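Have a look at the structure below before the remarks.
The values are calculated or read from the model by the stated rules, or taken from the named source; none is laboratory data. Since the structure is predicted, the reported quantities are computational estimates derived from the model, not experimental observations. All Cβ positions, glycine included, derive from the backbone under ideal geometry; neighbour counts span all protein chains shown.
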Amino acid sequence: MHQARHFSLRKNMIIAVSIKRSVAQQIPKIIADVSKHVDFVIIASDEMTDTHISYFVDPLQTSGIPDRENALAIHSFVLLNPNENIVGASVIRNSPDLFNYRHICKVGDANLHEQAYSKYKKSNDRWIAFNDEETIREKVAWVQRKNLGGIALTDVNFDDPTGYCSKNFYTFPLVKMAHSQMSCLHVHAVSSSADDKETKKSQNSDFYEQCVRLCTYTLRNGNEPLEIDNLIKSGCTHLSIYVGKFDSPGKYVDSYLLLKHMELLKIKRANVSAVLLSVHYMDFWKFSSNDTSNNVNLFIENIEHIMNEFGFDGIHLHFEFANAIEEYEKLYTEKLYNKILNIRKMESNRNKMLFIISLNVNAFINEAEQWLRRADYLNLLLKYYEAESEEFLHLTHRTGNRKKLLIGGALFKHQRSTHSDFCKQFRMSIPEYEDSSFDLIYDNIQTIVRKARFATMYGFGGMALLNVHVDDPSGICLRGSKFPCLRAMKENYLCQPRCETPENHCQKSSNKVMCYYSAEVDSDAVFSSDLPLKRCTHLAVNILYFFKDRNGELKIHTSWSTMRILNELLSLRIQHGLKLVAVVQKKHGIHSYNEIIRLMTQDERWFAEFVRVIELFDFDAVELHFGSIENIQHQHILNILKKLKSELKRNPTASNQCPVEFGFAAEMYPMNLGNKIFVETIYGLFDYITLLSFKSNRGLGIAETNRGIAIEDTISMFEDQGFPVRKLVLALPSFGIQFNLGCGSNVSVEDVLSNLSDHAQYLEYDRKYRMNDLCRKVIRKEMKEFISYRHMGAVAYSCNEILFYERPETIRYKARFAAARGLGGIALYRLNDENDCSSCSGISYCLLDAATADC
């Protein structure tokens, strides 16, 4: 085994062992020792009930087998056992009656055994247990709930390889179903440390910058040099100069035209990472000669001549309209790439010589691995609706280095004859876009926003725009906004922020990652692993509650569930350099926060008690949860809060000399922030404000509602009133809004989401669905799911309900949004809640991982 392990490392091979369930149960310690020398341990079992799981999984885990590094998988093809008359019989490989999928699919009266997740039929006094798409879907859900490493299918050569049975999946339907369901919620699409390792291993890792914005600009006689100046100022990091097609022998680019613009580019070179020569693929069928090799060499010589003469930093080759790339096109692509490699080797001062290829999604899907090998960057001309394509998403999940991928778009091909028609291109909606005379590959502002958010969520290397010369460079259409599509791309593709290390403990509060711990859920979940708290700067716990005693007096109640684990919390604070935050809420008997304020004014003795509790338990911050922000707008309430803050500031905690932070967490109504005096007051009063949820106001018109999601509206309201957004902390809840519709409703999901106030019920933490419940519904096809890129949220829906919630991709985007807008930090509710999707993703704390992946 040791020799095999050594051999596998040299050859990059994988070693796996398959054992019977009974063996795993009898000698778990030996199997655990064996697991140290293999990549996967596959448990062969067809018994899928909870009562049987402890027979073989638990003994292995307690004996030391890693439950994720060494996958515990399940054989899914259950064959006939002629000797036993039960469902869920063990697999007998030499069964005389081996039923393959092609035979099984003819059995129309088979029954589903709900506990064994298998279908069965009795034939000739014997049971035949087998799988179809439905049972595979259930078994994958079971594997994910049990946090196992994967699923194994045997024997796959019986999985309908000819497509005889299934019209939906065609060949190998069970393999495709298993692969589809294992990517539940698309959690593996979130860029992780594994992607960073792949980038570092890459031959040209120095190319992969934080954020690429590739702009392809077509030179023509009517171009003004000022356009290129404005283009660079608008945010292009890489400029691709398109000089046309070499579609006939001896055709060369207009040297005067290049000279005219390259002089300006030399001056502006410091403001862009690279200036590339952009050319289309060569249509060799137009050549009279049959000697393809000579034409390829001539083509490459022409390109090399232009690159040398004008000092380009690389080549941008276009295949964007070809679904299938011809062999001779692959030939000169390979030769161009080798030419680039030779230049890099020979000239150390030009080591940033780049090779970028533009092609559409179909061409990429057909030979993804080859294209990724050939190019430094691949610009994928993704149609806006292809982002949700199952095949494309699965392919991106398997792509080791997504920083090589750019999500591209092509702007309108030709300028219309009249000014008004031309400007309509930037404002048309997606439905109109589909019905227009344009090929769907072209984009407007709305589709570019969707693509930019998609690229951010899935960790792509950047964005690209073709035909930027028609992106209203003069700003006529959109009232002075030059290059509006490019600006939309820049504002919505959010680059990875720079990470700054705080110099001391007090400064650690400047960029917050607030993690809310719920003592009512599971007191051991956070303490069992160092992983989550290493990502947090603040640990917030529900410690204090306002309540009324029998005499109607205001009292402060200390949460005993939190007190029970307070020593562990204090120890974690010291260990990880956390700030411990006391969350103050109302308890039963108090119907509103206004009632708390009224009781405060009657008896101020609670001030001393409040401060005493904070000092006693050595908290670093106090956070008030007072519902909507409008609850504290009255002057007498503000006066009381000012007094409380002054008491806290005069009594710093004994063990920590940093001032006690004073925070406020509230629901936000964008239109309620018009009181400038109030905004100025809370700016001076609170050290930070956590934005818990975002509700659109019914007073908003359609134009304002469509302008952006309520998060953007809320932050803009603060900015408009002069409130520094660095004091805002953006909360990232696992679940958000539920909509209830009738099954017969004609209202579409997008229609409902366009106005978040209609049918909306904001979910508190006694949620209807936990994440694992939602995941099972999605796997079983009881609910559909997609990402709403306009609202930066995930959506699961059935005929009568729509659930707006968070996925790792949406969490990632909002975290980058907070960094891009200069907010004070982010907050995750109920860090230790099982809703943090580990039950269906297999990744512990995957929402926190996504929120803090960049820093």
What about Gly222, is it at positive phi and modelled with pLDDT under 80? no
Would you check which residues across the stretch 535-560 are among the small types (Gly, Ala, Ser) and buried (at least 16 other Cβ atoms within 10 Å of the Cβ) and list them? Ala540, Ser559
Given Tyr769, Tyr789, which one is aromatic (Phe, Trp, Tyr) and at pLDDT below 75? Tyr769
Subset of the stretch 607-626 [surrounded by fewer than 17 Cβ atoms within 10 Å (Cβ to Cβ), at pLDDT below 75 and touching a helix residue (DSSP H, G or I) at 6+ places or on another chain (Cβ under 9 Å)]: Phe607, Ala608
Taking the stretch 512-542 on its own, how many of its residues are part of a strand (DSSP E or B) and at pLDDT 80 or above? 10
Restricting the stretch 371-384 to residues that are assigned to a helix (DSSP H, G or I) and in contact (Cβ under 8 Å) with a residue 40 or more places away in the chain, which is surrounded by the fewest Cβ atoms within 10 Å (Cβ to Cβ)? Arg374
For the stretch 796-818, how many residues meet the condition of being touching a Lys or Arg at 6+ places or on another chain (Cβ under 8 Å), assigned to a helix (DSSP H, G or I) and farther than 14 Å from Gly459 by Cα? 0
How do the helices (runs of 4 or more DSSP H) wholly within the stretch 663-726 filter down when requiring 1 or more residues that are modelled with pLDDT of 80 or more and of a type outside the set (A, V, I, L, M, F, W, C): which remain? 676-685, 710-720
Taking the criterion of being touching a helix residue (DSSP H, G or I) at 6+ places or on another chain (Cβ under 8 Å), over 19 Å from Leu381 (Cα atoms) and either modelled with pLDDT under 70 or among the aliphatic types (A, V, I, L, M) (or both), would at least one residue in the stretch 481-489 satisfy it? no
For the subset of the stretch 543-592 comprising residues that are part of a helix (DSSP H, G or I) and charged (D, E, K, R), which member is modelled with the lowest pLDDT? Glu568
Checked pairs for the stretch 554-582, first assigned by TED's automatic domain parsing to the domain that holds Glu623, second among the small types (Gly, Ala, Ser) and in a helix (DSSP H, G or I), C-beta under 9 Å and 6 or more apart or across chains, list as Lys579/Ser509
Can you name every residue in the stretch 451-467 that is of a type in the set (Gly, Ala, Ser) and in contact (Cβ under 8 Å) with a residue 60 or more places away in the chain? Gly459, Gly461, Gly462, Ala464
Note on the stretch 302-356: residues at pLDDT below 75 and of a type in the set (Asp, Glu) are Glu320, Glu347
